[in-house]
Amino acid sequence: MPKISEAQRETRRQQILDAALRCFSRDGFHNTTTADIVRESGVSQGTLYLYFATKDDIILALADDRHQSEAFLDALAMAEQDPVQGLLTLVDLHGRGLGDPRRIDGRRVGVQGWSEAMRSPAIHDSVVGGLKRVRLGIERLVARGQATGQIRPEVQPEAVARMLIAVFQGFVLQVAWGETLDLPACGRTIRDMIGALLTPKGRETYAAEFPDPSPQA
């Protein structure tokens, strides 16, 4: 039997994962069988098992791929020289993703993954580990902003990170439900929340975006 190249292996793996994503989004994890994924993907049952031993392995692979995609966006934000701009970039990039209709299957499956994390230790570790990487990145941005005097010193970086993640998870859930969100308005509100973290120096730097809310004499 001729060997297939690494590129061909990756293409076949992605073919299976794309089919699984559609099946899971449409029918849920528990109502989807590996036979359903085989039919959707067009590969044989034996080929599927060459890549994934169990359905949980497929769920984990989808979660890991999503984390890698999000890690790229997070890296762009963390690379900003100005930490406040990094926070704004993070909100903007993830907001754009929420509004992308091509990602709805991923959002629906992601929400199901949160539920599966209560059942499977492996899925729990993947989900929580992915969120931890994001949380630590946000904490570093906030700490950098405090070091530059742009973010108030009494602010707790971990609390800010957990708040932003919780807000984003809430939006993901609403999008997965099929609700219509005014994402620009939601984005402006999150920016206002970030503005409330700033010192006078930070507001001076971002005067156009975060005007001083104090009453004028």
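A short reminder: the numbers here are calculations on the coordinates, not readings from a lab. Fair warning: this is a prediction, and the values are worked out from it, not measured in the lab. Because the Cβ atoms are built from the backbone with ideal geometry, glycine has one as well, and the counts that use them run over all protein chains shown.
Annotations for the structure displayed:
- Under 5 Å, built H, 5+ apart or other chain: amide partners of I151: Q146, T199
- Here each label is just a point 7 Å from Cα along the line to Cβ, and for T180 and A208 those points are 3.2 nm apart.
- 222 nm mean residue ellipticity, helices alone, for the chain (DSSP H n ≥ 4; -39,500 (n - 2.57); rounded to 500): -24000 deg cm²/dmol
- Residue order for H67, H30, fewest other beta carbons within 10 angstrom first, comes to H30, H67.
- Tensor-based shape of region 1-79 (alpha-carbon gyration tensor, a/c under 1.5 rounded, otherwise prolate or oblate): oblate
- Across the chain, C-alpha contacts under 8 Å between residues 6 or more apart give a mean separation that, scaled by the residue count, equals a relative contact order of 19 percent.
- Region 119-171: GluC sites (Glu not before Pro) falling in loop per DSSP and having at most 12 other Cβ within 10 Å: E154
- Counting only whole DSSP H helices of the chain, the ones at least 20 Å long by C-alpha along their axis and with mean Kyte-Doolittle hydropathy no lower than -0.5 are 55-78, 83-98, 121-147, 157-177.
- In terms of its alpha-carbon gyration tensor, the chain comes out prolate; a/c meets the 1.5 threshold, and the first ratio a/b outweighs b/c.
- Förster-model FRET efficiency, 22 Å R0, A53 and D27, C-beta, rounded to 0.05: 0.55
- Once you reduce region 145-217 and region 14-68 to the center of their Cα atoms, the two points are 37 Å from each other.
- Relative contact order, percent, region 30-143 [alpha-carbon distance under 8 Å, six or more residues apart]: 28
- Overall form of region 115-203: oblate. Here a/c, set by the Cα gyration tensor axes a ≥ b ≥ c, is 1.5 or more, and a/b is not larger than b/c.
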